[in-house]
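Quick notes on the structure that follows.
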Amino acid sequence: MATIGARLAERDRRRFVGRGTELEFLERCLDGQADASVVLIHGPGGIGKSTLLRELARRAGASGRRAHFVEGRELAPVPRALDAALEAAREEREPLILIDTYERMTALDGYLRGTVVPSLPEHALVVIAGREPPGRGWLEGGWESVAVQLQLSGLSVQEARELLALHGVDDEQRMRELIGWAQGSPLALALAGDDALGAAPAARNEEVERPELVRALIRRLAEAELDGPHLGPLAVAAIARVTTIDLLREVLPDADAVQSYMWLRERTFAEPLGEGIALHELVRKALHADLRHRDRVRERDLRRRIADHLHAKAVAGHQLLSIDLSHLIENDAIRWGFSWEGAGEYRLDEVRPGDAGKVERLLGERRIPERWPLVAPYFEAAPERIAIVRDLSDRICGFELSVTLANAPALTAEDPQLGRWLEHARAAAPCGDAVLWQVAVDFTADPITRVQAMLGMSGILRSGLENPRFAYLPIDPRMPAAVRFAQAAGARRIRELDVELDGSVTECHLLDYGPGGLLGAQRAMIYMELGLVPPQTPAVEHKPSERLVVRAGPAGSADSDAAAIDVEAVRDALRNLGLPHKLAESPLASGATQEQRAASVRTLLEEAAARAFGDTPNEQLLERVLVRGYLDPAASHEQAADELALSRAAYFRRLRAAAERVAALVVERDPSRPAA
């Protein structure tokens, strides 16, 4: 029986065009005929890097070689996340490791090159794809003998014609115009060739990635699709950073979440991201702007609903969704000091040899040399508390030093700033839920780069706290943007904790996020931007229930009676597969006796599970998680996570996604089957 995953994979396979030269080289690398263990693919957005990786995975799979995908946009910027993602690959003799969207995970560049790749099996092949050319470190120190650059350029005219034909374009004049406009970009060609676009405008002699060109194209898309039956799902995807079935179900309760998700997945401008999908960034921004212009009220309501959903999941243990919440905040004063927008051009990194001298010099150039005596001891004794922001050429563009009550090194006792701040925090935050920055300096001094915002986010992500309540901010009164950030965030100055260094004052501003912590404060900020009263108890709030509808009796018949089934009921049934009396009590059950009712639930879930997953590595992993979590359970969830080489957080995230997939398919069972 065909599955959702198989259908997606087949559609992707059929729409692959060209790249013969690149694939020939990559297949020689797979066969060991090319002297390369690392291939560094780079090219602009929309040029087809992800598509090439998926085709390589398909070809490797056909010869029995398994591909291990790492998606840079969903990986936490810490070494242990990368280790967990590649743990299974280490057990194979010839693993194929595909790392996509590398520009979003280059904080781990040094760790990947210095520790991870050298420890892989001898016959491993690592293919890394990103927008920018590889850093200098990959091309020196011996790496030049095993690493190869592969730059992707635009499709040839013939390849472009083939791609347009696959998208239904058969008019010769229009095909010539679109090829001239797209300049070889597979994304632009796919967008232009989509049937929903109608006659796309010709825009010759312009660069593909210029936003105004994409806006012109999406404007035509919006005319055909934004007012249609898929207005809601498309609008949600235009606002949210990542769209999942779960998000669609909660935000659009009257829509069929599975069908909406599948429709979005099949758009030419969408791509998989974790357990969800993301629109190409330029397309997303254009669609969002168009939606805001067309229906401001609906855009605001959807943004609130998305914020509620993300907040509920974040406080349940998904701390990284703080990034997704920050994505919804529009206050530029806040985004200056706390967002992840700069991650495309900059990366977080650890301290390297020689960095101390460079930072000292840069502080002098920035005219704040007085900060160096406070920072210097940490470079020597506690470099793990320092994060460096580098650009794609490895230049230092900023750094931050932050601690918590739990990880503050011993030398803070002698720190004239952090010593006093920590003492204050021990009284103000007895639970230890405070992050304290000694310093956070953006050497670019350019707010457009968002380096300062990355430094703020870095302190939170590296703190180890799931939802900090307090933040101690070092504010330089000579920086108006820093003062505006503190004011916009609601921080209050504690004058007795100010520090004077060589006549320059660093003010201590204490930010109390409130009982809901950072996550609650983020949602409250979104509410206030929307002109709404923030929830009073953000940590404990009513959440819209997740509902699926199972039809009793033939669809459309006079006797048809909709019986609402909670997603939680499906999860409960999965948890209780080994307990017949519990299964018999399930609202999913049918039959007269306990045995019949229990058997009916098992059959229902097993049939749905058999249909839920495809053949791609990600789909297969979801299926294995479901099997070891519920169908053929390990002794404990912790053991299951270990067997599957997943971190505990990743295991439970995928287990929820797998159960959600099964629950969604329960509604597709035979409508004549009686419901409870």
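The set of residues from segment 44-55 being small (Gly, Ala, Ser), over 16 Å from Gly20 (Cβ atoms) and either over 18 Å from the mean Cα position of the chain (by Cα) or modelled with pLDDT under 80 (or both) comprises Gly45, Gly46.
Asp100 meets all of the listed conditions (1) under 23 Å from Arg28 (Cα atoms); (2) of a type outside the set (S, T, N, Q); (3) modelled with pLDDT under 90; (4) touching a Gly at 6+ places or on another chain (Cβ under 7 Å) but one, namely (3). Within segment 146-171, restricting attention to residues that are of a type in the set (S, T, N, Q) and outside any strand (DSSP E or B), the residue that is modelled with the highest pLDDT is Gln158. The condition of being surrounded by 19 or more Cβ atoms within 10 Å (Cβ to Cβ), of a type in the set (Val, Ile, Thr) and in a helix (DSSP H, G or I) does not hold for Thr21. For segment 54-70, which residues satisfy the criterion of being surrounded by fewer than 20 Cβ atoms within 10 Å (Cβ to Cβ), touching a strand residue (DSSP E or B) at 6+ places or on another chain (Cβ under 6 Å) and either aromatic (Phe, Trp, Tyr) or within 17 Å of Ala85 (Cα to Cα) (or both)? Listed by number, the list holds a single entry, Phe69.
The set of residues in segment 343-363 being in a helix (DSSP H, G or I) and touching a strand residue (DSSP E or B) at 6+ places or on another chain (Cβ under 8 Å) consists of Asp355, Lys358, Val359, Leu362, Leu363.
Mind listing whichever residues of segment 346-374 are crowded, with 18+ Cβ neighbours inside 10 Å and closer than 16 Å to Val451 by Cα? Correct list: Tyr346, Arg347, Leu348, Asp349, Val359, Leu362, Leu363. Selection of helices (runs of 4 or more DSSP H) fully inside segment 567-661 by the criterion of at least 1 residues being touching a Lys or Arg at 6+ places or on another chain (Cβ under 7 Å) and surrounded by fewer than 16 Cβ atoms within 10 Å (Cβ to Cβ) returns 637-643. Based on what the data block shows, is Gln259 closer than 24 Å to Arg656 by Cα and surrounded by fewer than 20 Cβ atoms within 10 Å (Cβ to Cβ)? Yes. For the criterion of being outside the structural domain of Val78 (by TED's automatic domain parsing), without any contact (Cβ under 8 Å) to a residue 12 or more places away in the chain and in contact with an Asp or Glu (Cβ under 9 Å, 6 or more places away or on another chain), Val451 fails. Looking at segment 411-423, can you tell me whether even one residue there is modelled with pLDDT under 95, of a type in the set (A, V, I, L, M, F, W, C), crowded, with 21+ Cβ neighbours inside 10 Å and not assigned by TED's automatic domain parsing to the domain that holds Leu325? No, that holds for no residue.
The C-beta contact set for segment 368-383 (first residue under 13 Å from Leu411 (Cα atoms), second residue of a type in the set (Lys, Arg), distance under 9 angstrom, 6+ apart or interchain) comprises Tyr378/Arg385.
In segment 528-548, the count of residues that are at pLDDT 85 or above, surrounded by 12 or more Cβ atoms within 10 Å (Cβ to Cβ) and in a helix (DSSP H, G or I) is one or more. Of the residues making up segment 391-412, just one is in contact with an Asp or Glu (Cβ under 7 Å, 6 or more places away or on another chain) and in contact (Cβ under 8 Å) with a residue 60 or more places away in the chain, namely Leu392. Taking segment 103-145 as the range and being assigned to a strand (DSSP E or B) and at pLDDT 90 or above as the test, the residues that pass are Leu125, Val126, Val127, Ile128, Ala129.
Yes or no: segment 156-176 includes at least one residue that is within 21 Å of Glu71 (Cα to Cα) and either free of Cβ contacts under 8 Å to residues at least 12 places away in the same chain or β-branched (Val, Ile, Thr) (or both). Taking every residue of segment 156-176 in turn, none turns out to be within 21 Å of Glu71 (Cα to Cα) and either free of Cβ contacts under 8 Å to residues at least 12 places away in the same chain or β-branched (Val, Ile, Thr) (or both). Within segment 237-276, the residues that satisfy the criterion of being charged (D, E, K, R) and over 23 Å from Asp290 (Cβ atoms) are Asp246, Arg249, Glu250, Asp256, Glu275. Within segment 614-637, the residues that satisfy the criterion of being under 17 Å from Arg571 (Cα atoms) and touching a residue at least 24 places away in the same chain (Cβ under 8 Å) are Leu622, Glu623, Val625, Leu626, Gly629, Tyr630, Leu631, Pro633.
The values are calculated or read from the model by the stated rules, or taken from the named source; none is laboratory data. These numbers were taken from a predicted model, which means no experiment stands behind them. Every residue, glycine as well, gets a Cβ built from its backbone with ideal geometry; the counts of neighbours run over all protein chains shown.
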